[in-house]
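Undergrad: Quick one: this structure, given as structure tokens, is what I'll be asking you about.
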Amino acid sequence: MKSTKIGVLSGATLALFLGSAGMARAEEQPQMRDALESLHAAEHHLQDAEHHSKGGHREKALKLVESAIQQVEAGIAYDNAHPDKNDKGDKDDAHRAPAPVLPPAPPPKTR
């Protein structure tokens, strides 16, 4: 009985450790997290935009943003699952051009 309790406790401790290790790894990806946050904001803006046809461009943009969200999430998951296969290029931000600063979005129109 005692060994069963120890085994369960050890398994729970290991699961907690591995889970927290994955979370810590994900937090080392601030650029990817920022990109994901920006894409979600763009998605909401496109969804809230007036639903006129706009020649189908709003709908196409929404699909592209949704696809980009999936790709960023897949990249984060891949990096977390393969910590020893990280691309060297993603770790060296010193040689990368700074991200453009966009003006804030205008407030939503009130009707």
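Undergrad: Of the residues ALA81, ALA74, ALA42, which is within 16 Å of the chain's Cα centre (by Cα), at pLDDT below 90, surrounded by 10 or more Cβ atoms within 10 Å (Cβ to Cβ) and among the aliphatic types (A, V, I, L, M)? I'd like the intermediate steps shown before the answer.
TA: On the way: ALA74 fails: at pLDDT below 90; ALA42 fails: at pLDDT below 90.
Only one candidate qualifies: ALA81.
Undergrad: Still on this structure: Starting from the stretch 58-73, take each residue that is more than 21 Å from ASP34 (Cβ to Cβ) and in contact (Cβ under 8 Å) with a residue 12 or more places away in the chain and list its partners that are assigned to a helix (DSSP H, G or I) and not polar (S, T, N, Q), counting only C-beta distances under 8 angstrom and pairs at least six apart or across chains.
TA: Sorted first by the residue in the stretch 58-73, then by its partner, the pairs are ARG58/LEU46.
Undergrad: I'd like the residue in the stretch 50-59 that is surrounded by 12 or more Cβ atoms within 10 Å (Cβ to Cβ) and at pLDDT 90 or above and, out of all such residues, is farthest from PRO108 (Cα to Cα). Even if it seems obvious, please write down each step before you answer.
TA: Kept after step one, since they are surrounded by 12 or more Cβ atoms within 10 Å (Cβ to Cβ), are these residues of the stretch 50-59: 54, 58-59.
Checking the rest, the ones that are also at pLDDT 90 or above come to 58-59.
Working: ARG58: 17, GLU59: 19 Å.
Among those residues, the one meeting the criterion is GLU59.
Undergrad: Look at GLU27 and say whether it is loosely packed, with under 11 Cβ neighbours inside 10 Å, farther than 30 Å from PRO106 by Cβ and either of a type in the set (D, E, K, R) or modelled with pLDDT of 90 or more (or both). It would help to see each step written out before you state the result.
TA: Values: loosely packed, with under 11 Cβ neighbours inside 10 Å: yes; farther than 30 Å from PRO106 by Cβ: yes; either of a type in the set (D, E, K, R) or modelled with pLDDT of 90 or more (or both): yes.
In short, yes.
The values are calculated or read from the model by the stated rules, or taken from the named source; none is laboratory data. Bear in mind the structure is a predicted one, so any value in this text is a computation, not a measurement. Don't worry about glycine lacking a Cβ; one is built from the backbone with ideal geometry, like all the others, and counts go over all protein chains shown.
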